[in-house]
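The values are calculated or read from the model by the stated rules, or taken from the named source; none is laboratory data. Quick caveat, the model's predicted, so the values are computed rather than measured. Methodologically, a virtual Cβ is constructed for each residue, glycine included, from the backbone with ideal geometry; neighbour enumeration extends over all protein chains shown. These accessible areas exclude ligands, DNA and RNA; they are computed on the full protein's heavy atoms, side chains included. Shrake-Rupley method; radii C 1.70, N 1.55, O 1.52, S 1.80 Å.
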Amino acid sequence: DDVSRRRAMGYLFDIALEKKNWEIADKIVQTAKQENYDDCSGDFFAARVALAKEQYETALASIDSALSQRPVFGYGYLLRSRINVALGNETAALTDIRTASSANPFDRTITRELANRLYIRNQNLGKNVSSSQLDEAKGALDWAMALNPNDVQLMSFYAEYISENDPSRALALRQSLQENMPSMQNALLLARLATRLGL
């Protein structure tokens with residue numbers, strides 16, 4: 001049926017992009033355009049290939065076309081956010097990932113990306129960051145953690161983020177990480193946090 005064909009096409013496309021097999025990826029884009037597999041006349045697929053090839057302006061033009069055809073499309077806005085990041089358009093990237101989050105508030109990938117973009121914004125602002133911006137980033141990170149409870153990388157990032165204001169909780173997270181997935185990096189971070197708490 002059509003749903004199975006779309007899934008199979010998407011799976012093959014992901015593999016082609018991962019392997020950088022542009023010949024197969026381009027063929028899938030052509031098929032997507034003919035069959036309208038992405039409900040955007042193949043433009044979403046075309047944007048993904050262009051991004052993977054680091055052809056950012058082409059990718060942006062394709063995703064803009066895709067979103068004009070399919071305005072409520074969380075993954076379209078997620079992709080455009082990533083393209084804008086590659087182009088250095090941080091403000092546009094943040095706007096897009098917020099839109100993606102509004103369309104798909106329970107999507108794990110989108111919530112993770114939103115938390116990351118807000119964290120980077122706050123880092124870039126440095127001492128100029130406002131309390132509301134800090135709260136926004138913390139809220140997004142809390143929500144990302146709730147949706148991705150087994151994401152070790154996110155948990156480590158979260159522990160580091162809250163270590164200043166909630167060191168006891170950060171320590172508990174670090175201990176849990178070291179018990180379940182021991183690593184040299186986590187052992188060092190755990191030791192550093194424990195030392196700081198001890199002092």
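Which whole-number percentage describes the relative contact order of the stretch 19-120, with Cα contacts under 8 Å and a sequence gap of 6 or more?
Details: 121 pairs, mean separation 17.5, N = 102.
17 percent.
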Under 28 Å Cα-Cα from LYS127, which lysines qualify once same-chain neighbours fewer than 8 residues away are excluded?
LYS138
Could you sort THR111, THR91, THR99 by accessible area so the largest value comes first, with the probe set to 1.4 Å?
THR91, THR99, THR111
Can you tell me the FRET efficiency between LYS33 and PHE106 if r is taken as the Cβ-Cβ distance and R0 is 22 Å, rounded to the nearest 0.05?
0.10
Take ASP142, ASP96 and sort them by solvent-accessible surface of the protein heavy atoms, 1.4 Å probe, largest at the top.
ASP142, ASP96
Identified option (computed semi-axes √(5λ) of the Cα gyration tensor in Å; candidates [x] 27, 18, 17; [y] 37, 20, 15; [z] 49, 19, 15)
[y]
Rounded, prolate or oblate: pick one for the stretch 1-84, where a ≥ b ≥ c are the square roots of the eigenvalues of its C-alpha gyration tensor, a/c under 1.5 means rounded, and failing that, prolate if a/b is larger than b/c, else oblate.
oblate
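Return one whole number: the accessible area per residue of the chain in Å², for a 1.4 Å probe. Write down the numbers at each step before the final one.
Working: 11420 Å² over 199 residues.
Accessible area per residue: 57 Å².
Suppose R0 equals 30 Å; then what is the FRET efficiency for ALA92 and ALA194 from their Cβ-Cβ distance, rounded to the nearest 0.05? Spell out each step's value before the answer.
Numbers: r = 41 Å, r/R0 = 1.38.
The value I calculate is 0.15.
Report, in deg cm²/dmol and to the nearest 500, the calculated mean residue ellipticity at 222 nm for the chain, where each DSSP H run with n ≥ 4 adds -39500 (n - 2.57) and the sum is divided by the residue count. Write out the running numbers ahead of the final one.
Working: 11 runs with 158 residues, N = 199.
Value at 222 nm, helices only: -26000 deg cm²/dmol.
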Using θ = phi - 60° and the Karplus form 6.51 cos²θ - 1.76 cosθ + 1.60, what ³J(HN,Hα) does each residue of the stretch 14-29 get, whole Hz, x for Gly and Pro?
4, 5, 4, 5, 5, 7, 6, 8, 5, 4, 5, 4, 5, 5, 5, 4
Rounded to the nearest percent, how much of the accessible area of the stretch 87-168 (1.4 Å probe, protein heavy atoms only) is carbon and sulfur?
50
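Please sort by residue number the GluC sites (Glu not before Pro) in the stretch 51-125 whose DSSP state is loop and whose Cβ has at most 10 other Cβ atoms within 10 Å. Kindly include the intermediate steps, with their values, before the conclusion.
Values: sites: GLU54, GLU57, GLU90, GLU113; in loops: GLU54.
Those that pass, being in a loop and sparsely packed, are GLU54.
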